[in-house]
1. Quick one: how many residues across segment 107-122 are of a type in the set (G, A, S) and surrounded by 24 or more Cβ atoms within 10 Å (Cβ to Cβ)?
2. Among A314, A298, A337, which is the only one that is closer than 20 Å to L354 by Cβ and either in contact with a strand residue (DSSP E or B) (Cβ under 7 Å, 6 or more places away or on another chain) or at pLDDT 95 or above (or both)?
3. Residues that are outside any loop (DSSP other than H, G, I, E, B), under 26 Å from Y305 (Cβ atoms) and within 16 Å of ligand 2 (Cβ to nearest atom): does segment 466-486 have at least one?
4. Considering only segment 303-312, I want to know if a residue exists there that is open to solvent by 40 Å² or more (accessible area, probe 1.4 Å) and without any contact (Cβ under 8 Å) to a residue 12 or more places away in the chain.
5. Go through (1) among the polar types (S, T, N, Q); (2) free of Cβ contacts under 8 Å to residues at least 12 places away in the same chain; (3) under 21 Å from M152 (Cβ atoms) for S47 and report which single condition fails.
6. Regarding segment 415-434, can at least one residue be identified that is within 13 Å of ligand 2 (Cβ to nearest atom) and either open to solvent by 10 Å² or more (accessible area, probe 1.4 Å) or more than 30 Å from the chain's Cα centre (by Cα) (or both)?
7. Tell me, which residue of segment 70-90 that is out of contact with any strand residue (DSSP E or B) (no Cβ under 9 Å at 6 or more places or on another chain) and open to solvent by 20 Å² or more (accessible area, probe 1.4 Å) is nearest to L159 (Cα to Cα)?
Amino acid sequence: MKKLTIAFALVASATTLSAQGPAAVSAPDTAVRSELPGSIAASEFVSRRQKLAAKLPNGVFLALGAGEPRVDYLSFFQIPVFRYLTGVLEPDAALIMHVQDGQDAGSTLFVQRRDPAREVWSGKRMGPEGAAARYATPARPRDQLDAVLDSMISAGHALQVVGDLGVDPGKTTEHDQYLARVRARHEGLSVTTATGKVAELRAYKSEAELALIKRATELTVEAHTEVAKVVVPNGYEYQVQAMAEYVFRRGGAERPSFATIVGTGENSTVLHYNTNDALLKPGDMVVVDIGASVEGYAADMTRSYPVNGTFSPAQREIYQIVRDAQAAAEREAVNGAPARRMNEAASASMARGLAKLGLMDSVGATYDCSDDGKRQCSQLSLFYLHGLGHGIGLEVHDPDRYYYEQKLGPGSVFTIEPGVYVRANLADLLPATERNAPLISRLRSLLQTYANIGVRIEDDYLVTESGLQWLTRSPREIPEIEAAMAARKGRSTM
Ligand code: GLY
Ligand code: MN
């Protein structure tokens, strides 16, 4: 560490600001932890920023935190990238880091000032003193952010940023507007997003992060145990949702890690269905895709249940195809193995199963997917439309180390979630080309048996030196699901 450079940078920015207010509150020597067990130590946020600095060019790095929700008094939700780098969970926070020769040459947090009159409404604020103590980082009031930023940029530094930026091309966020104002004050300023660089770090989870993910998976397993008891004929999707989310909050989760999906019958074939207001009809399959978020860290787990408590022969066939695909992928989930092998194994397995039922012509079969017959697509994609899985972490779709290395390594933590969705209108979706005609006609007849059966099975895993850990260990084989649902005997609805 170049200690001299760090000291210089901090003094430089404090001096520039002396006319605007007191110098930054300095951080205590020792890292502090919040009272919650398993939470991230302040020193970890500091070290994440040091690792980020090593990836950045010389200049100023600015991280912008979320503002107070303006609509409907919704709960405050911190932007994951800001939470990752600072841990701060108050609205309108920011962080500036001066990057010099790959080092964090001085970081300052900016938080709202204490304000007893405002705090009556929105709760106690840390203030700069509290933030400096909690996060082992010098802190200033938020209203000094522009002045500090301007003085650093005037010194000729380029700007790297993260925040709620340009995600939706059709929408200008408050952070986009903030940066537009910064650019207007500094003609010719080079501004680059550093989101990708932070993602590279987030792909490698620490022990503390893994502990939180494990807690989230435990709670999600617990929720599915209760869910299996309330999937009943003539219940409602929202009652299943309520049970899952009740268990999350009862166990201390902050919130669901994504919008809870409870899709019955036709809705079981809609991948991100989350209206959750339909009646559970006898004979339906219901896909329940849920995840707890513990201190921001996500679990993500799906089980598919027959509303009747026992699978019909057709449901059983589709379910077993999906479960076999998941097992095939798990066998390839070995430390050091190429990640693509999981995909290849799952897809091959599903294609074999679907071809056996006649839902595909053969393994590897294609169909015309453009009206002019010029483009061919895999028949598997008619039933299996999404990726096999994703990393989990501060976001439910979080980067994993395998995204960057293409192979699994210790600490890889991800989902495996094959699914088969037989949409009732499937035959109508295929272009009516000559080549498609026999497939369309066979599908029409098979849809009598398989229409509206959607099955997804999703589990969370951790790769270790000694093997694959199944974090969401819980019933998932056909007899196990039926046994878990037998616990609901005698209940008609919740
Ligand atoms: N569980 C929702 C998803 O993975 O997209
Ligand atoms: Mn998922």
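1. Going through segment 107-122 one residue at a time, the tally reaches 1.
2. Testing whether each residue is closer than 20 Å to L354 by Cβ and either in contact with a strand residue (DSSP E or B) (Cβ under 7 Å, 6 or more places away or on another chain) or at pLDDT 95 or above (or both) leaves just A314.
3. Yes, some residue in segment 466-486 is outside any loop (DSSP other than H, G, I, E, B), under 26 Å from Y305 (Cβ atoms) and within 16 Å of ligand 2 (Cβ to nearest atom).
4. There is no residue in segment 303-312 that is open to solvent by 40 Å² or more (accessible area, probe 1.4 Å) and without any contact (Cβ under 8 Å) to a residue 12 or more places away in the chain.
5. (3)
6. yes
7. Here the answer is R83.
Every residue, every condition in (1) crowded, with 19+ Cβ neighbours inside 10 Å; (2) within 18 Å of A63 (Cα to Cα), yes or no:
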position	(1), (2)
Y135	yes, yes
A180	no, yes
G188	no, no
G196	no, yes
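The values are calculated or read from the model by the stated rules, or taken from the named source; none is laboratory data. Keep in mind the model is a prediction, meaning the values are calculated, not measured. Methodologically, a virtual Cβ is constructed for each residue, glycine included, from the backbone with ideal geometry; neighbour enumeration extends over all protein chains shown. Remember, those area values only see protein heavy atoms, side chains included, never the ligands or the DNA or RNA. Shrake-Rupley method; radii C 1.70, N 1.55, O 1.52, S 1.80 Å.
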